[in-house]
Amino acid sequence: MTDSSTRDRAEGMFDQGKGNVKQGVGDLTDNERMKGEGQMDELKGKGEQAWGDIKDAAGDLKDDLERKAR
């Protein structure tokens, strides 16, 4: 696990949480724009988490290949 992938996942979790809060506020205030922003933040967060996972998988693959090359 790299610092970069950990950071991506942390930012993703933050954006998902922020999105959930915005959606909740949008629901309470009947504000469609706020709900939409929340949905976008949530999707952005999911993308950031997926990117972190991809970086980890690529790093693991690289490590495996280096071990086998020895």
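Computed quantities for the displayed model
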quantity	calculated
Count of residues meeting criterion [under 14 Å from Val21 (Cβ atoms) and open to solvent by less than 40 Å² (accessible area, probe 1.4 Å)] in the stretch 37-54	3
The stretch 55-70 residues that are closer than 17 Å to Arg9 by Cα, paired with ones that are of a type in the set (A, V, I, L, M, F, W, C) (beta carbon under 6 Å, 6 or more apart)	Asp56/Met1
Filtered residues of the stretch 1-43 (kept if of a type in the set (S, T, N, Q), part of a helix (DSSP H, G or I) and touching a residue at least 12 places away in the same chain (Cβ under 8 Å))	Ser4, Ser5, Thr6, Gln16, Asn20, Gln23, Gln39
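Conditions (1) at pLDDT 95 or above; (2) in contact with a helix residue (DSSP H, G or I) (Cβ under 8 Å, 6 or more places away or on another chain); (3) surrounded by 12 or more Cβ atoms within 10 Å (Cβ to Cβ); (4) not hydrophobic (A, V, I, L, M, F, W, C), marked per residue:
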residue	(1), (2), (3), (4)
Gly26	yes, yes, yes, yes
Met34	yes, yes, yes, no
Asp56	no, yes, yes, yes
Gly59	no, yes, yes, yes
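The values are calculated or read from the model by the stated rules, or taken from the named source; none is laboratory data. Since the structure is predicted, the reported quantities are computational estimates derived from the model, not experimental observations. Quick reminder, even Gly has a Cβ in these numbers, built from the backbone with ideal geometry, and neighbours come from all protein chains shown. Side chains included, ligands, DNA and RNA excluded: accessible areas come from the protein's heavy atoms. Shrake-Rupley method; radii C 1.70, N 1.55, O 1.52, S 1.80 Å.
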